[in-house]
Structure formats: structure tokens, C-alpha cells
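J.: Have a look at this one before I ask anything.
The values are calculated or read from the model by the stated rules, or taken from the named source; none is laboratory data. Please read all numbers here as calculations on a predicted model, not as lab measurements. Glycine gets a Cβ as well: all are built from the backbone with ideal geometry, and neighbour counts include every protein chain shown. With ligands, DNA and RNA removed, areas are computed over all heavy atoms of the protein, side chains included. Shrake-Rupley method; radii C 1.70, N 1.55, O 1.52, S 1.80 Å.
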Amino acid sequence: MRVGVYPGSFDPTTNGHLDLIHRGMKLVDKLVVGVLNNTNKQPLFSVQERVTVLEELTKDMPNVIVDSFTGLLVDFIKRHNAHIIIRGLRAVSDFEYELQMAQTNYTLDREIETIFLVTRVENSYLSSSIVKDIAKFGGHFENMVPESIVKKIKYKYNPSAN
Ligand code: PNS
């Protein structure tokens with residue numbers, strides 16, 4: 001069985017992430033979406049909130065599961081008996097960081113292969129940070145994230161608004 005892991009912070013999940021899940025799940029028998037619980041960062045959404053959002057978004061995808069992890073990605077991958085990491089590449093600016101991560105993970109575990117999926121043009125500018133920046137200042141971000149989480153993001157920045 002070919003198991004792949006699509007890891008990330010998903011704070012919040014964007015349309016770019018969802019597109020990669022759709023495409024990644026076709027490449028493997030089982031895709032594990034791995035949500036990083038980064039103890040060094042103060043996220044907008046708790047790890048449980050991020051997992052719940054992703055579970056809801058992937059509920060009709062039979063070969064996709066969602067799990068969270070702390071610590072090293074290679075340990076998470078081993079726990080799921082996976083050998084493939086799927087990551088998205090948007091622009092050249094992503095490349096240096098992604099190359100370093102892929103080479104580091106390979107050094108830590110020689111069984112692991114990282115596969116990069118090129119982001120669709122319409123999502124190539126998109127990131128969770130950009131969504132948060134726009135949402136924070138009341139801008140229009142509705143077309144950048146799955147509809148089901150628009151309200152959740154708005155509530156984080158303005159709990160009194162409907
Ligand atoms: O969505 P992100 O924030 O770009 O995802 C980054 C992620 C979660 C893939 C990366 O930070 C990660 O794998 N963190 C776990 C720690 C780890 O394994 N570090 C060594 C490899 S660089």
C-alpha cells in the first residue's frame with residue numbers, strides 16, 4: 001500500500017491546500033494530511049480546530065485521513081507507514097526552503113521521497129499568511145479559502161460581528 005503524507009501548518013487551510021489534497025490523493029492509496037502542532041508559534045487556529053476543519057473538508061474523500069503531529073515529520077511518517085511526502089511549489093521563492101526540507105528529511109530517513117506538485121496558476125500567490133493579513137484588516141479573502149471556514153476566520157478577528 002502506497003501511503004503519502006501531506007504535511008503543513010494549515011493555519012488556515014487555503015484553496016491551494018485543498019487543491020493539493022485533491023491531486024495528492026490520486027497519487028497514493030492513502031493520503032495522510034499531517035497538521036503540525038508547532039509549539040514555537042502562536043497559531044490563529046488551535047491544532048484541534050485545524051484538524052476538525054480538514055476532517056470536514058475531506059469527509060467525502062475515502063482515502064484521506066487527517067492527523068496532527070508534534071516533533072519531526074519523519075517520525076510522523078514512520079508512525080503512518082508512509083514513504084512519500086507531498087508538498088506544493090508555488091514560486092521560485094518556495095524552492096530553497098522546500099529543497100532544504102526535502103534533503104533534510106531524506107538525510108533523516110533514506111526511505112522517504114518528496115514529491116512536489118506545482119500549484120495551479122490561480123493559487124500561486126496564495127498562502128495562509130496572506131489570508132490572515134487580509135482578514136485581519138477586513139479585506140476580501142472569501143475567494144481564497146474553502147467557503148466553510150470563511151466565518152470561522154472572520155470570527156477569530158472580530159468575534160462580535162455576525
Ligand atoms: O505549511 P508549512 O508551515 O510550510 O509546513 C511546514 C512543515 C510542517 C512541513 C515543516 O515545518 C515540518 O515538517 N516541521 C516538522 C519539523 C521537522 O520535521 N523538521 C525537520 C525537517 S525540515
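J.: Can you give me the distance in nm between label points at ASP109 and HIS80, each placed 7 Å from the Cα along the Cα-to-Cβ direction?
T.: 1.0 nm
J.: Can you give me the Cα centroid spacing of the range 1-63 and the range 99-150 in angstrom?
T.: About 11 Å separates the Cα centre of the range 1-63 from the one of the range 99-150.
J.: How big is the accessible area of LEU36 in square angstrom, nearest 10, if you roll a 1.4 angstrom probe over the protein chains?
T.: Roll a 1.4 Å probe over it and LEU36 shows about 40 Å².
J.: To continue, here is another question. Find the accessible area per residue for the chain; the probe is 1.4 Å, ligands and nucleic acids are left out, and the unit is Å².
T.: On a per-residue basis, 58 Å².
J.: Still on this structure, I have one more. Students often check this: by mean Cβ neighbours within 10 Å, which of 58-68, 126-136 ranks highest, and how do the rest follow? Display every interim value, and only then the final one.
T.: On the way: 58-68: 14.9, 126-136: 17.0.
The peptides rank, most packed first, as 126-136, 58-68.
J.: Find how much the distance from TYR157 to ILE134 grows on full extension, using 0.36 nm per residue of separation minus their present alpha carbon separation; answer in nm with one decimal.
T.: Here the segment from TYR157 to ILE134 would lengthen by 7.2 nm.
J.: Can you pull out the trypsin sites (Lys or Arg not before Pro) in the range 1-36 that DSSP calls coil and that have at most 15 other Cβ atoms within 10 Å?
T.: Hits after loop and neighbour filter: ARG2, LYS26.
J.: While we're here: If I model a spin label at TYR97 and ASP60 as a point 7 Å from the Cα along the Cα→Cβ vector, what separation in nanometres do I get?
T.: 3.2 nm
J.: Got a sec? What order do ARG110, ARG90 fall in by accessible area at 1.4 Å, biggest, i.e. largest, first?
T.: Listed by decreasing accessible area, they come as ARG110, ARG90.
J.: Continuing with the same structure: Once Rh for the chain is found with the Kirkwood sum over Cα pairs, what is the Stokes-Einstein diffusion coefficient at 25 °C and 0.890 mPa s, in µm²/s?
T.: For the chosen part, D equals 150 µm²/s.
J.: Counting only protein heavy atoms and a 1.4 Å probe, tell me what percentage of the range 3-124's accessible area is made up of carbon and sulfur.
T.: The value for the range 3-124 is 52 percent carbon and sulfur by accessible area.
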